[in-house]
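Asks: The structure follows.
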Amino acid sequence: MATKLRLSIYPSKFKSLPFLDELLKKFTVIGGNASEELAKKIAKKLNAVYLKSNLRIFPDGEGKITINGKPKKGKIIVVQSTYPPVDSHLIQALSLISKAKQYSSNVIAVIPYFGYARQDREFLPGEIVTMDVIAKLFKALGLSKVIVVDIHSKIALDHFKIPSENVSAMPQLVNYFKKLRLKEPLVVSPDLGGALRAKEFAKLFGTSYVALKKQRNRKTGKVQIRSSNLNEVKGRDLIIVDDMISTGGSIIKATEFLKKQKCNRVFVACTHALLRGDAEKKIKKYGVSKIVSANTIPGSTAVVDVSGIIAKAIV
Ligand code: R5P
């Protein structure tokens, strides 16, 4: 009460005091080990308290996670992408959420890159739909909401039986590409599953799109492009748009095909650049001029910031 009174009399003077600024913050953002930088940016956008988490790995491989400080009682946001090591990052995310629940009934999980989302259905008999198993774990922790960025599929998102929201990095990626000088740009989806994403990108960019026909061998994981000749790509700069790059196999096969069709330069826009092993080097070797990704996964290509769109989904 006294604080409120003093504030209304001397607002600008007291607001500039750092301890008062901390007192006025309503939300707490906890940054998981995998997403520290992004979590800090989200906290800044929300004017929230930022708490770092510490991770110690025991000789037997178990992780011990500690939150640096005490969260506020209001809304708590846990930020942790689950890129490799996927299972470790996942268990850390679940542990942080569980801890946050001890302080607040309103906990939101922000999992910018959601590992296992590609295992959203039973492709071959006997396969376990791990996405469903994980969604059940999130629900069991009593979360208020899960926020993800460009999750692999709507089917994956539908496994959550709690409020969930998928935000798209496509407008941010489009803004990046608008600044480049491209020759008759055309947007390409490397597979039919990504056609809607490419369509959205092309619409925002102000151009058209094509979707290739990709086939993946479910046993070996190898991909092949089954499209026939595409005259419209000839001499044009192309932007291949995808949700994620893992081994680079899909992008490489698409690039090989498009180069044979005598396109000009090939660029890649993706949300999650996992770029396992030497994927980045291989993709460049096959003639891709530039890979641009979002900061859902830290790395050399992660130049597009999604903290703003995530913060918007939280408030
Ligand atoms: C597949 O449907 C996805 O959208 C990606 O195209 C794919 O998962 C990327 O994996 P990789 O880089 O290993 O081909």
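Asks: Using +1 at the Cβ of each Lys and Arg and -1 at the Cβ of each Asp and Glu in the chain, identify which of SER289, VAL129, VAL78 lies farthest towards the dipole's positive end.
Replies: Of the options given, the answer is SER289.
Asks: I would also like to ask the following. Please compute the volume of the convex hull spanned by the alpha-carbon atoms of the stretch 223-315 and report it per residue in Å³.
Replies: 110 Å³
Asks: In the calculated pair distance distribution of the stretch 170-295, what percentage of Cα-Cα distances lie above 19 Å? Numbers along the way, then the final one.
Replies: Working: 3284 of 7875 pairs.
Every Cα pair in the stretch 170-295 considered, those over 19 Å come to 42 percent.
Asks: Taking 27 Å as the cut-off for C-alpha to C-alpha distance, list the pairs among LYS161/LYS219; LYS154/LYS262; LYS203/LYS290; LYS219/LYS262 that go past it. Walk me through the numbers on the way to the answer.
Replies: Numbers: LYS161/LYS219 30 Å; LYS154/LYS262 34 Å; LYS203/LYS290 21 Å; LYS219/LYS262 32 Å.
LYS161/LYS219; LYS154/LYS262; LYS219/LYS262, as the Cα separations exceed 27 Å there.
Asks: Another question about this same structure. Before I look further, what does the chain give for accessible area per residue, probe 1.4 Å, in whole square angstrom?
Replies: 51 Å²
Asks: Moving on to the next point. Can you compute the modelled spin-label distance between SER98 and LYS262, with each label point 7 Å from Cα toward Cβ, in nm?
Replies: My value for the distance between the label points is 6.2 nm.
Asks: Let's test the formula: R0 of 35 Å, r as the Cβ-Cβ distance of LYS70 and VAL133. What FRET efficiency results, to the nearest 0.05?
Replies: E(calc), rounded to 0.05, equals 0.65.
Asks: Work out from phi, with θ = phi - 60° and the Karplus expression 6.51 cos²θ - 1.76 cosθ + 1.60, the ³J(HN,Hα) of each residue of the stretch 96-113, listed in order in whole Hz, and give x for Gly and Pro.
Replies: 5, 4, 4, 5, 4, 5, 6, 9, 8, 8, 10, 10, 10, 9, 10, 10, x, 9
Asks: For the pair ASN54/PHE123, report the inter-label distance in nm, with labels modelled 7 Å from Cα in the Cβ direction.
Replies: Result: 4.2 nm between the two label points.
Asks: Right, next: So if I restrict to the alpha-carbon atoms in the chain, what is the Rg, and what is Dmax, the biggest pairwise distance, in Å?
Replies: Computed over the Cα atoms of the chain, radius of gyration and Dmax are 21.8, 74 Å.
Asks: With a 1.4 Å probe and every protein chain kept in, tell me what percent of the accessible surface of the stretch 85-164 is carbon plus sulfur.
Replies: Answer for the stretch 85-164: carbon and sulfur cover 58 percent of the accessible area.
Asks: Further question: Measure out, as a whole number of angstrom, how far apart the alpha-carbon centroids of the stretch 16-87 and the stretch 290-304 sit.
Replies: Centre-to-centre distance over Cα atoms comes out at 21 Å.
Asks: Please compute, for the alpha-carbon atoms of the stretch 68-107, the extent along each of the three principal axes and give them in descending order in Å.
Replies: 32, 18, 12
Asks: Sticking with this one: For the stretch 119-133, what does the Karplus curve 6.51 cos²θ - 1.76 cosθ + 1.60, with θ = phi - 60°, yield as ³J(HN,Hα) per residue in whole Hz, taken in order and with x for Gly and Pro?
Replies: 9, 9, 7, 8, 7, 10, x, x, 5, 8, 7, 5, 4, 5, 4
Asks: If you put +1 on each Lys and Arg Cβ and -1 on each Asp and Glu Cβ, how big is the dipole of the chain around its Cα centre, in Debye rounded to 20?
Replies: Approximately 680 debye in magnitude.
The values are calculated or read from the model by the stated rules, or taken from the named source; none is laboratory data. Quantities reported herein were computed from a predicted structural model and do not represent experimental measurements. Counting neighbours? That spans all protein chains shown, and the Cβs are built from the backbone with ideal geometry, glycine included. With ligands, DNA and RNA removed, areas are computed over all heavy atoms of the protein, side chains included. Shrake-Rupley method; radii C 1.70, N 1.55, O 1.52, S 1.80 Å.
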